[in-house]
Amino acid sequence: MSEAFVLDAPSSVGGCSTAPVLRERGQREVFCGLTGIVWLHRKMQDAFFLVVGSRTCAHLIQSAAGVMIFAEPRFATAIMEEKDLAGLTDTNDELDRVVDRLLARRPDIRLLFLVGSCPSEVIKLDLSRAAGRLSAKHSPKVRVLNYSGSGIETTFTQGEDACLAALVPQMTEAPANAEPSLLIVGALPDVVEDQFRRLFAAMDIARVEALPARRIADLPSVGPNTRFLLAQPFLGDTGRALEDRGAVRLDALFPFGAEGTTDWLHAAAQAFGVDELKFRAVVAPGRERAARALEKVRPALEGRSIFFFPDSQLEVPLARFLSRELGMVPLEVGTPYLHRTHLAKELPLLPGATRLSEGQDVDRQLDRCRAARPDLSVCGLGLANPLEMEGLTTKWSIELVFSPAHGFDQAADLAELFARPLNRRDRLSDAIVPARPARREVAPCS
């Protein structure tokens, strides 16, 4: 048996499982939940996201998803004008007109999300009631749902969580005697989802579905015989909503790197009674392929220190992957929210000396980062340039969410995302030759 087959059962103790957590509630530098539209619109092919908000929100979403200028967009902003906020117009009538015009122009839309950029008290509009009214008007052709992407109520990746949680009540009830099914929860790129489906099929797990589905007509049913795997650690509300419908969450590492992907697949194999030898035969090629690819990237990362600012909620599983499979040294792992239940298998695998922090007080965290002088800092766009100016090498956390990063075949690509800024820094330092002072001719003494 190759070493690549050996599964180390993750311990429930040790590492950071009982480490104290530095909780901070100060100013934070994180994108709002609207950002999730950038990857959600790619996944749900007949959905449209209508942001109800200000011109600032319209500029944000247009800038963040600027690539869509080459295609028929599947998001837009219904801009709240001053007269709307002042109560001089009936915003419900205005919204109804915008939606009617949109659906008449785009008959391909089957699922319309009304996404609030601010709380209802600010935009003077109850989007849940508006969604119910519009859904009744346009069903069965179009379903209208709503969720909040407000920066006051959500951070960065919570937009996806709120979106998927809004879909759960739309799932039909599976009967108690239904065939057991496996549900992959999280907006994975299609190519990654298909890779996982092929692996589950090779294990003879017949019924595998995904949330979100690529089309609303394919939205799966849910019931007590549904077992689900979270593909992302930030789907707390979605997980709770599925459990309220009777589904059972499978506890596993998140599928980053060879180790995490193996454990994630293994959780499903155990739940569906897959023979252990069959499981190992199925995962062995991918695991070995990932291990070989990671060995090529390891020299660039081994022994390098890394500091995570709280941003995407991917920080804990990524730190586990980087420390255990690539030899990096996590100094601080910050996360907006530390979901101990979902991270129960991840925390014991972090090095015990790692500082965990939850929430953010950005000035204090910047001071800790400057004092630590890590080789690589993972942070949002707003902090990256100032840190680079101070000589610290940075990685944009938003890129880790946009890029295909899950599974065996993406393990080395994920590692490359961290190696690239270090390689760039090394090349730049080699290219910059300190300027020598011009030799001055010395006049002979007369």
**Report entry** Stretch gain in nm, segment D275-E288, where the contour uses 0.36 nm per residue and the Cα spacing is subtracted
**Finding:** 2.7 nm
Query raised in the report: How much of the accessible area of the chain, probe 1.4 Å, is carbon plus sulfur, in whole percent?
Result: 53
Report task. Hey, can you grab everything whose amide H is under 5 Å from the amide H of E209? Only 5+ residues off in sequence or another chain; H modelled, so Pro and N-termini drop out. Result -> L182, L183, I184
Query raised in the report: Expressed as a rounded percentage, what relative contact order does the stretch 244-346 have, with Cα pairs under 8 Å and six or more residues apart?
Result: 28
Requested in this report: Might you tell me the accessible area per residue for the chain, computed with a 1.4 Å probe and given in Å²?
Outcome: 45
Report summary line: Once phi for every residue in the stretch 196-206 is put through the Karplus expression 6.51 cos²θ - 1.76 cosθ + 1.60 (θ = phi - 60°), the whole-Hz ³J(HN,Hα) values, with Gly and Pro written as x, are 5, 4, 5, 5, 5, 5, 5, 8, 6, 8, 6
Report summary line: In nanometres, the difference between 0.36 nm per residue of separation and the alpha-carbon distance of D190 and R240 is 15.5 nm
Query raised in the report: So, by mean Cβ neighbours within 10 angstrom, what's the order for 278-287, 229-238 with the highest one leading?
Result: 229-238, 278-287
Requested in this report: Tell me the label-point distance for the pair E390, R420, using the 7 Å Cα-to-Cβ offset, in nm and rounded to one decimal.
Outcome: 2.5
Report task. Can you grab the distance from the C-alpha centre of the stretch 402-432 to the C-alpha centre of the stretch 252-272, Å, no decimals? Result -> 24
Report task. Find the eigenvalues of the gyration tensor of the Cα atoms of the chain, then list the square roots of 5 times those eigenvalues as equivalent ellipsoid semi-axes, largest first, in whole angstrom. Result -> 39, 33, 19
**Report entry** the stretch 143-236, relative contact order in percent, only Cα pairs under 8 angstrom and at least six apart counted
**Finding:** 38
Query raised in the report: Any idea what the dipole of the stretch 137-205 comes to, in debye rounded to 20, about its Cα centre with Lys/Arg Cβ at +1 and Asp/Glu Cβ at -1?
Result: 340
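The values are calculated or read from the model by the stated rules, or taken from the named source; none is laboratory data. Predicted model, so just to flag it, every value in this text is computed and none were measured. Ideal geometry is used to build each Cβ from the backbone, glycine not excepted, and the neighbour counts take in all protein chains shown. Protein only, heavy atoms only, side chains kept; ligands, DNA and RNA dropped before computing areas. Shrake-Rupley method; radii C 1.70, N 1.55, O 1.52, S 1.80 Å.
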